[in-house]
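Data block below; observations after.
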Amino acid sequence: MTWAERHRVLAAELHSGNRAAKPSAPRLLDEGLPRLPRGHGEVRVRGDSDYFCDDLMQRCRRRRARFAFSVPRNPAVWRASYLIPEKRWRPALKMPGAEIAETTYRPSAWKAEPLRLIVRRYRRDVTEMGGRRARRWRTVPPLQLRMAFNGSVDHVWTYSFIVTDMVGDAAEIELWQRQRAHIEERIKDAKLGCGLIHLPLGTLRANRGWQAATVIAVNLVSMLSAVLVDTLPKPPLSDTAPVLETVGEDDAGEEAESDEPSHRLATTVRRWMIAAPGRLTRGGRQLHLHLPRGWLWADRIIAVYNRLLLIPVT
């Protein structure tokens with residue numbers, strides 16, 4: 001579970017690959033929330049369909065956190081989508097060709113008020129869908145699926161569903177929840193940039209210890225990246241309410257990225273900041289940083305170094 005705006009891991013769990021992610025999700029939420037700074041404001045939780053469960057939504061409600069989760073495609077949500085009038089569909093944000101609409105949905109185990117169900121559909125030619133075993137076919141309504149396999153239609157609509165108790169414009173909520181895919185960058189940081197891919201031992205306890213060290217490394221690199229980004233000529237990091245993300249397996253849409261990222265990957269930070277072939281010397285009661293002549297990222301490391309010197313030592 002990560003804090004989206006600051007790209008930091010708040011809670012993590014490692015278990016066997018054949019176990020479901022849902023049982024540990026409420027506990028991860030309980031562990032992660034106290035690690036947010038005081039005065040952080042309203043918390044919003046988003047996650048894939050692997051984390052769509054009554055226990056987690058109830059825990060979010062008790063913790064006064066808003067939530068938005070992808071919903072597995074089941075007969076109930078298919079029926080809800082069939083009842084949406086055609087005139088209620090409107091373009092999705094930052095996803096050309098996609099449309100969204102809204103209705104209500106009450107999961108079978110949810111005893112509170114009906115929740116908002118935001119539906120996104122995307123038109124695709126049958127020739128783009130791949131073979132019959134392609135994963136995309138799971139996103140097509142059963143009736144359209146049969147018609148496509150019979151050759152009766154040349155295009156189909158793929159659907160995604162989001163259940164939420166958030167308030168606001170449905171298109172903006174759908175776009176925000178779609179951005180949950182950014183957690184893949186945290187996984188990439190942990191695996192390729194901070195060594196999680198090298199889980200070396202044969203026992204679960206030892207691997208959990210390795211994971212804890214990796215999470216610390218990810219967070220330290222993230223903090224260093226925040227200092228690096230602040231020294232570049234771009235707008236500061238977002239000051240919106242914290243977003244907690246969970247990760248599972250689900251399809252995610254595409255999002256347009258800005259020219260200048262708000263976060264640098266661990267491999268980049270290591271190359272620019274940590275693995276720099278420099279040295280520190282003392283002279284005249286001052287520290288001096290010496291870098292190789294012609295070092296490509298000298299301006300960045302000097303700016304970050306000077307910024308870090310301003311942090312008071314307690």
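For region 127-215, which whole-number percentage of the solvent-accessible area (1.4 Å probe, protein heavy atoms only) is attributable to carbon and sulfur atoms?
Values: 2750 of 4920 Å².
After summing per-atom areas, the C and S share lands at 56 percent.
Once both axes come from the Cα atoms, what is the angle between helix 204-231 and the longest principal axis of the chain, in degrees from 0 to 90, rounded to 10? Once rounded, one gets 70 degrees. In whole Å, what is the distance between the alpha-carbon centres of region 117-133 and region 266-280? Their Cα centres are 44 Å away from one another. Here the label points at Ala298 and Glu42, each 7 Å from Cα along the C-beta direction, are separated by 5.0 nm in the simple model.
Please state, as a whole number in µm²/s, the translational diffusion coefficient that the Stokes-Einstein equation yields for the chain at 4 °C and 1.567 mPa s, with Rh defined as the Kirkwood radius across alpha carbon pairs. Walk me through the numbers on the way to the answer.
Values: Rh = 22.2 Å.
D, rounded to a whole number, is 58 µm²/s.
Extension gain, Arg62 to Ser16, is 13.7 nm, computed as 0.36 nm per intervening residue step minus the present C-alpha separation. Looking at the chain, the accessible area is 57 square angstrom per residue; that uses a 1.4 Å probe and ignores ligands, DNA and RNA. What separates the Cα centres of region 136-183 and region 72-102 is a distance of 7 Å. Estimated at 0.36 nm per residue, the fully extended path between Glu172 and Asp125 surpasses their Cα-Cα distance by 14.3 nm. Rg and Dmax of region 1-84, based on Cα coordinates, read 14.6, 44 Å. Across region 154-168, coupling constants 3J(HN,Hα) worked out from phi with the 6.51/-1.76/1.60 Karplus curve, θ = phi - 60°, read 9, 8, 9, 10, 9, 10, 9, 10, 10, 10, 8, 10, 6, 9, x Hz, and Gly and Pro carry x.
Suppose R0 equals 41 Å. What FRET efficiency, 1/(1 + (r/R0)^6) with r the Cβ-Cβ distance, do Leu291 and Lys94 give to the nearest 0.05?
Numbers: r = 40 Å, r/R0 = 0.98.
Efficiency computed from Cβ-Cβ geometry: 0.55.
Highest mobility in the GNM of the chain, judged by mean-square fluctuation with C-alpha springs under 10 Å and restricted to Arg132, Arg44, Arg264, is found for Arg132.
The values are calculated or read from the model by the stated rules, or taken from the named source; none is laboratory data. For clarity, every value in this text was computed on a predicted model and none was experimentally measured. Methodologically, a virtual Cβ is constructed for each residue, glycine included, from the backbone with ideal geometry; neighbour enumeration extends over all protein chains shown. For accessibility, only protein heavy atoms count, side chains too; no ligands or nucleic acids. Shrake-Rupley method; radii C 1.70, N 1.55, O 1.52, S 1.80 Å.
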